[in-house]
Every structure is written in C-alpha cells, then in structure tokens.
Amino acid sequence: MIELENAIHYTVAIIGLGYVGLPLARLFLNKGHTVYGIDLDPNKIQKLSKRQSYLSDFPHGDIKNMFAKGRFHVGSSYDVIQNVDAVIICVPTPLDEQVKPDLRFVREALKNALPYLSYGQLVILESSTYPGTTEEELLPLIESKGMKVGRDISLVYSPERIDPGQDKYALDDIPKVVGGVTQKCTEFGKRLYETIFKQVVVVSSARAAEMTKLLENSQRLVNISFMNELAMLCDVMKIDLWEVIAAASTKPYGFTPYYPGPGIGGHCIPVDPLYLSWKAKTHNFDLKFIDIAHQINERMPEFLIEKVEKQLSAKPLKDSRILVIGVTYKKDVNDLRESTALKIIEGLLARGAKVNFYDPFIEEIEVGGIQIKRSSLTRRYVQHHDCTLILTDHTGLPYESIVTYSPLVIDTRNATGKFKHLGNVVLL
C-alpha cells in the first residue's frame, strides 16, 4: 500500500478474470490502483495480451485503456501475490451433478495462492456461496500456513453484484457489502473498497455478507418462478399474463413487477438459492419456497416444448422446422451458462424437429453432442420455418420483420407483444 498526496494506492491480485473479475479490475485501475490479474484459461490471457475483449459488454477499447498506464498485469502464475496488498477471489461456484455446491475452484484458487501469502495482506472472496464458506473453508486453509486470521492476515467476504448486459448502473454506483471474520478484517476490507465504490455497506460478519447475496437471488428465483407458474395457469385460462402484469404495475405501492420467461438461467439465480437450500438441510431445515421455485423453473422447458407442439397441431414436431431467436441466458450478453434455451433446443431435437438458431452474440452451440452453427436472419430464411421461437430478447433485433415473415411466432419474452394483433404471435 502506497499513500501519495492523501490518496491511498493499493496493489491487488484478482483471481478469475470473467464477468466479475475483469470489470472489478477495470474499476480498480480507473481509481488509480495497480492490478495483477490471474486466470488459468490461456484463451483469456492470450486475448488480453492482444488487447482484445471476450465479454460482450466489455469493449476492446476498454481493454486497451486498462493496459495504457502500465498498472495492469495479467498471467496464470500466482507468484505475483507476494507483491500485493489484497487478493480477491472471483472464480465460479457451480453446482455438481448431485445439485450440491461445488467449491473446487475456490479451494484451488486459495491453495495456489497460499505459498505466496504474507503477513498484513487481505484475502477477499467475492464468489457467490453459502453462509459459512469463508470461515469453514478459507480460514482453515490460511491458518494452516501458520498465520492467524484477524491478527496476521485479514479475511473478508464481499458479494459481487455485477449484472452483465445492463448499463443503467455503473459498477461503482452499486453499494458494496463487506463482512469480515473479525472487526479488524472488516475494517481493512472497508478501507480497500471505499477507494473504488461510492458506498460500502458493512455487516457484522462474513456469514451475514454471504447470506445477503443469497437473499437477493433467492428472492428473484421465487418471484420469477411464481410468474412462470402463473404463465402456465394463464395459458390454460386464455389470459395474457403480460397484460395482467402491466395492469398490476399501475398500482403506486405494494406491487413489484416480475416477468415470466423460458426458465431462469445464468450463473446466479438458478444456482445461488440451491447453495442456501443445501446449507439449510445441513441444519435439518427445508427451505420450501426455494425447493418449489426450483421445481417450477425446471418444468419450463418441457412446458414450452409442449406449447410449440400444441401450436403446430396441424403439423407434427418431427416434420417441423423451428427457428430459435436468442440462446444466451439473458439479453445482450454472450453467456450460455445455465441457459434454458439449450435445454429447450435439445428437447425439440429429441422429438425430431429441425432446429436452427440466430443469436447475434453466439456463432455456434453444442446440444446433445450436435454442433449447430448460427443461421442467417433473412426474410427468406424466416419464411422457411414453421415457427419462430423467441427465447432471448436481444436489443436491436428486427422483431417487426420477424413477425411479418414468420408463419407463427411463439414469444417467451414479450418482445413482439405490440404485434400480437397480427394474429400469428403467441405469447408465453
């Protein structure tokens, strides 16, 4: 740590340069700090060395600017950690095949860092995880090196709150939650993050900080899954749920709009609540809301496949051509993690349908061992399909033309709702 002209300049190592780590690195650099980025993916390191971006909402120009002042260094070696004030872990926390927390990336990151940790440093975990991870998993590993957490080294949990694809809030405008293993740890984390975030929210413990992130995403899972369940009911009752939500949203208090979709994807909402559910079960406690919401979410792909089949009643699926619009888990990103579009495509293929896709951010997908290349989005190609299925509502797509030239549009995102009067649009 260097203090110059009343400004504190930290040197930080960020482990994991994905959707969380790379924007965080940019923010530290923009605030005048020095950053060592560590990632074991050679493709990412190669692209960064060529000043190229691999994130859809991260311009190449931003990468060039990050290197411009010589304070950004990237590589796969952990030995740079001996030169830093703080180590921030931003690696994936997926689910394993038994739908249980998979912390291998977190453990490996810390184990690789251990030989280079030294007295006075700060270690921060930002990856989403269940309450207790920081104290139960990271603390014992660090103290196995002979350093006492809270005395010799600081340990903090601070949940990432990055929302890929949105541009309404700058990263430093989003309040930063910080909870340390001890008060001294928390104070160090607060000092660091106060240099880059406009507001730092201190909580009493790492566990409270871990629970904060899971509360945020569990609330969204429950509410979106509820909308998906209502969508299935409204399908039977011949009610336009989108119209109902719009009407309910006119109430000036007491109602927060959530929207249905083809299922919940991404690295947070379908995963984080299951971390909490798993942890609750270790305390002999069932989180029934989360379990039910997960079950509803898992039903959506099959429901949509049946909806397509129903709407194409005059022609069996095995003889039908389906054009899928959008395969990423949300609009305006190039992220396929936990995308329900892939499950839906796989289900359609299994029933014999011919499926093509268009997504401006994805050139090729693999579904059930089959490689499918991106199709064109021309008038003739759209007309060539029996049904256009909109699964991701990317900005800037020619939705009016899609409706005009498609025999049938099934829209799970309300991207074509204003054209439903034309008679060939079926909304979720």
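The values are calculated or read from the model by the stated rules, or taken from the named source; none is laboratory data. Just so it is clear, the structure is predicted and the values come from calculations on it, not from any experiment. Cβ atoms come from the backbone with ideal geometry, glycine included; neighbour counts cover every protein chain shown. Quick note on the areas: whole protein, heavy atoms, side chains included, nothing else; ligands and nucleic acids left out. Shrake-Rupley method; radii C 1.70, N 1.55, O 1.52, S 1.80 Å.
Exposed loop sites were defined as chymotrypsin sites (Phe, Trp or Tyr not before Pro) in DSSP loop states (anything but H, G, I, E or B) carrying at most 13 other C-beta atoms within 10 Å; in the chain the longest segment without such a site runs 286-428. Computed from Cα atoms, the angle from the helix 104-113 axis to the main principal axis of the chain rounds to 30 degrees. Got a number for carbon plus sulfur as a percent of region 277-344's accessible area, 1.4 Å probe? Exposed carbon and sulfur together represent 55 percent of the surface. The HN-Hα couplings worked out from phi for region 312-324 by the Karplus form 6.51 cos²θ - 1.76 cosθ + 1.60 (θ = phi - 60°) are 9, 4, 6, 9, x, 4, 5, 10, 9, 10, 10, 9, 8 Hz, whole numbers, x standing for Gly and Pro. Antiparallel beta bridges, as assigned by DSSP with both residues in region 85-205, represent about 20 percent of the total such bridges. Assuming charge only on the beta carbon of Lys and Arg (+1) and of Asp and Glu (-1), the dipole of region 114-222 about its Cα centre is about 240 debye to the nearest 20. Between His283 and His9, the simple label model (points 7 Å from Cα in the Cβ direction) yields a spacing of 4.5 nm. Amide hydrogen proximity for Arg413: with H placed 1.01 Å from N in the peptide plane, the residues at 5 or more positions away or on another chain lying under 5 Å are Leu428. Based on alpha-carbon atoms only, what is the radius of gyration of the chain relative to the globular estimate 2.2 N^0.38 Å? That ratio works out to 1.07.
Averaging the Cα positions of each part gives two centres, and for region 195-252 and region 95-129 these lie 28 Å apart. DSSP bridge analysis restricted to the chain gives an antiparallel fraction near 20%, rounded to the nearest 5. Once the Cα atoms of helix 340-350 and of the chain are each reduced to a long axis, what angle between those two axes, in degrees from 0 to 90 to the nearest 10, is obtained? Between helix and principal axis, roughly 40 degrees. Excluding ligands, DNA and RNA, the accessible surface per residue across the chain is 46 Å² with a 1.4 Å probe. Residue farthest toward the positive end of the dipole of region 69-145, with Cβ of Lys/Arg at +1 and Asp/Glu at -1: which of Gly75, Pro115, Val87? Positive-end residue among those listed: Gly75.
Taking the inverse of the mean reciprocal distance over all distinct Cα pairs, the Kirkwood hydrodynamic radius of region 311-360 comes to 11.6 Å. Taking the Cα centre of the chain as origin and assigning +1 to Lys and Arg Cβ atoms and -1 to Asp and Glu Cβ atoms, the resulting dipole is close to 580 debye. Residues whose amide H falls under 5 Å from that of Ile88, counting only those 5 or more places apart or on a different chain, are Ala13, Ile14, Ile15, Ile124, with hydrogens built in the peptide plane. Take the alpha carbon atoms of region 151-187, find their center, do the same for region 33-89, and report the distance between the two centers in whole angstrom. Cα centroid of region 151-187 versus Cα centroid of region 33-89: 20 Å apart. Using the alpha-carbon positions of region 28-182, Rg (one decimal) and Dmax (whole number) come out as 16.3, 46 Å. Return the subset of Lys198/Lys331; Lys184/Lys330; Lys279/Lys310; Lys238/Lys318; Lys100/Lys420 for which the Cα-Cα distance in this structure is over 31 Å, preserving the input order. Exceeds cut-off: Lys184/Lys330; Lys279/Lys310; Lys100/Lys420. For region 128-182, averaging the sequence separation of C-alpha pairs within contact (under 8 Å, six or more residues apart) and dividing by the residue count gives a relative contact order of 39 percent. Once the gyration tensor of the Cα atoms in region 268-373 is diagonalised, the equivalent ellipsoid follows with semi-axes of 31, 18, 11 Å, ordered largest first. Can you pull out the trypsin sites (Lys or Arg not before Pro) in region 223-308 whose DSSP state is coil and whose Cβ has at most 12 other Cβ atoms within 10 Å? Here the sparse-neighbourhood loop sites are Lys238. Applying a DSSP loop filter and a limit of 11 other Cβ atoms within 10 Å to the trypsin sites (Lys or Arg not before Pro) in region 1-102 leaves Lys50, Lys69. Dividing the summed -39500 (n - 2.57) terms of all DSSP H runs of n ≥ 4 by the residue count of the chain sets its mean residue ellipticity at 222 nm at -11000 deg cm²/dmol. Within region 291-367, the GluC sites (Glu not before Pro) that combine a DSSP coil assignment with at most 14 other C-beta atoms in a 10 angstrom radius are Glu363.
Any idea what the relative contact order of the chain is, in percent, if you count C-alpha pairs under 8 Å spaced at least 6 apart?
11 percent
Sorted into 10 angstrom bins from 0, the C-alpha pair distances of region 53-103 split as 17, 31, 34, 15, 2 percent. Across region 255-263, computed HN-Hα scalar couplings (Karplus, 6.51 cos²θ - 1.76 cosθ + 1.60, θ = phi - 60°) run 9, 10, x, 10, 10, x, x, x, x Hz from first to last residue, x flagging Gly and Pro.
Just reorder His73, His60 by solvent-accessible area, largest first, 1.4 Å probe, all chains present.
The most accessible residue leads, giving His60, His73.
Within the accessible area of region 204-257, the carbon and sulfur atoms contribute 64%, probe 1.4 Å, all protein chains present.
Could you work out the mean projected area of the convex hull around the alpha carbons of region 163-275, in square nanometres to one decimal?
So the mean shadow area of the Cα hull is 9.2 nm².
Ranking Val367, His384, Ala415 by how far each Cα lies toward the positive end of the dipole of the chain (charges on Cβ) leaves His384 at the top. Across region 359-428, Cα pairs under 8 Å and at least six residues apart give a relative contact order of 24 percent.
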